[in-house]
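The values are calculated or read from the model by the stated rules, or taken from the named source; none is laboratory data. Because the structure is predicted, anything quoted here is derived from the model rather than measured. Quick reminder, even Gly has a Cβ in these numbers, built from the backbone with ideal geometry, and neighbours come from all protein chains shown. We work out accessible area using only protein heavy atoms, side chains counted, and drop any ligands, DNA or RNA first. Shrake-Rupley method; radii C 1.70, N 1.55, O 1.52, S 1.80 Å.
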Amino acid sequence: MSQAFPNLLKHWRGTRRMSQLDLGLAANVSARHVSFLETGRAAPSRSMVLQLCETLDVPLPAQNTLLHAAGFAEVYGHRGLSDHELAHARQAVEWTLQRHDPYPAMALDKYWTVVNANHAARLLLNAVGLAEGSSLLDAMRNSESLKAAIVNWQEVLRHMILRLRTESARLGFDDVLSKAATDLSAQLEDQKLELAAGQAVLSTRYILNGLELSLFSMLAQFSSAEDITLADLRIELMYPADQKTKDFLHSLAKLEKAT
């Protein structure tokens, strides 16, 4: 019997730091059965694979891999965002981005590529030489314009490294995200990753054309995605962290409407 499924199951159980007993109790199966699945002495049913994946919070692409390893057909599709079957979801993303103006908002894939952006976000991106289709992971590592535009770069960098490590762990330690976190860690002037105490939320302070703008972010995602593209999508909604930034963004929007 192939060891593909047993090895994958052990990998995800280890990633989630669960014992066989923990997994058995959470998935409503015996620890003995989990042991048999991990040694290949027992073969899982399709429903058992999905039950274990749900318990272990396995991402959709990895669920497909586990199903395939156990001899079953993949369940989750991976359509492009422009696919007609994703029209309603795509319209929801566009509606969210547009309604967020005059504050910046952008849709990112799991590797932080800008899939879509509203007008305010495009202005912010363009100011540092970026646009839709740009990789924020590459920009954070290589763009001197981006680094120069962020007043509190070291603070933001520390936060991004922690975020990347968290996202990588959720995906079962993703190579791309883990490498990005490692590369960015080399830029830290202080290797301690603790965030500043007392902060309710981290604000990124941009200096653009001599004006400092302070923005904090909220992330939104599809809560019931059955497609890999949608499951990987994140919408980053930025909000002004002070009155000066709020006033500027609203005045900029009024000026553009007038012209």
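Of the numbered conditions (1) in contact with a Lys or Arg (Cβ under 6 Å, 6 or more places away or on another chain); (2) open to solvent by 60 Å² or more (accessible area, probe 1.4 Å), Asp247 satisfies every one except a single condition; which is it?
(1)
Being over 30 Å from Lys179 (Cα atoms) and either among the polar types (S, T, N, Q) or crowded, with 20+ Cβ neighbours inside 10 Å (or both) narrows it down to one of Gln63, Gln91, so name that one.
Details: Gln63 fails: over 30 Å from Lys179 (Cα atoms).
Sole residue among the options that is over 30 Å from Lys179 (Cα atoms) and either among the polar types (S, T, N, Q) or crowded, with 20+ Cβ neighbours inside 10 Å (or both): Gln91.
Inside the range 66-88, can you point out the residues that are open to solvent by 40 Å² or more (accessible area, probe 1.4 Å), under 18 Å from Ala4 (Cβ atoms) and of a type outside the set (Asp, Glu)?
Answer for the range 66-88, where residues must be open to solvent by 40 Å² or more (accessible area, probe 1.4 Å), under 18 Å from Ala4 (Cβ atoms) and of a type outside the set (Asp, Glu): His68, Gly71, Phe72, Ala73, Val75.
Just checking, does the range 170-182 include any residue being small (Gly, Ala, Ser) and modelled with pLDDT under 95? If you could, list the steps in order and put the result at the bottom.
Kept after step one, since they are small (Gly, Ala, Ser), are these residues of the range 170-182: 172, 178, 180-181.
If we keep only those that are modelled with pLDDT under 95 as well, we get 172.
Within the range 170-182, one or more residues are small (Gly, Ala, Ser) and modelled with pLDDT under 95.
May I ask you to list the residues in the range 80-94 that are acidic (Asp, Glu) and part of a loop (DSSP other than H, G, I, E, B)? Lay out the reasoning, then the answer.
Here is the first cut: in the range 80-94, the ones acidic (Asp, Glu) are 83, 85, 94.
Asp83, the sole residue that qualifies.
For the range 133-147, how many residues meet the condition of being touching a residue at least 24 places away in the same chain (Cβ under 8 Å) and either over 17 Å from Ser185 (Cβ atoms) or in contact with a His (Cβ under 8 Å, 6 or more places away or on another chain) (or both)? Lay out the reasoning, then the answer.
Start the filter on the range 133-147 by keeping residues that are touching a residue at least 24 places away in the same chain (Cβ under 8 Å), which leaves 135-137, 140-141.
Subset that is either over 17 Å from Ser185 (Cβ atoms) or in contact with a His (Cβ under 8 Å, 6 or more places away or on another chain) (or both): 135.
Going through the range 133-147 one residue at a time, the tally reaches 1.
Could you check the range 151-182 and list, in sequence order, the residues that are open to solvent by less than 50 Å² (accessible area, probe 1.4 Å), part of a helix (DSSP H, G or I), closer than 28 Å to Leu8 by Cβ and out of contact with any Leu (no Cβ under 8 Å at 6 or more places or on another chain)?
Within the range 151-182, Arg163, Ala169 meet the criteria.
Mind listing whichever residues of the range 55-88 are without any contact (Cβ under 8 Å) to a residue 12 or more places away in the chain and in contact with a helix residue (DSSP H, G or I) (Cβ under 6 Å, 6 or more places away or on another chain)?
Within the range 55-88, Glu74 is the sole residue that qualifies.
Looking only at the range 1-46, count how many residues are surrounded by fewer than 18 Cβ atoms within 10 Å (Cβ to Cβ) and among the aromatic types (Phe, Trp, Tyr).
Number satisfying all stated conditions: 1.
Hey, can you tell me all the residues within the range 111-126 that are part of a strand (DSSP E or B) and among the polar types (S, T, N, Q)?
If the condition is that a residue be part of a strand (DSSP E or B) and among the polar types (S, T, N, Q), then Thr113, Asn116 are the ones that fit.
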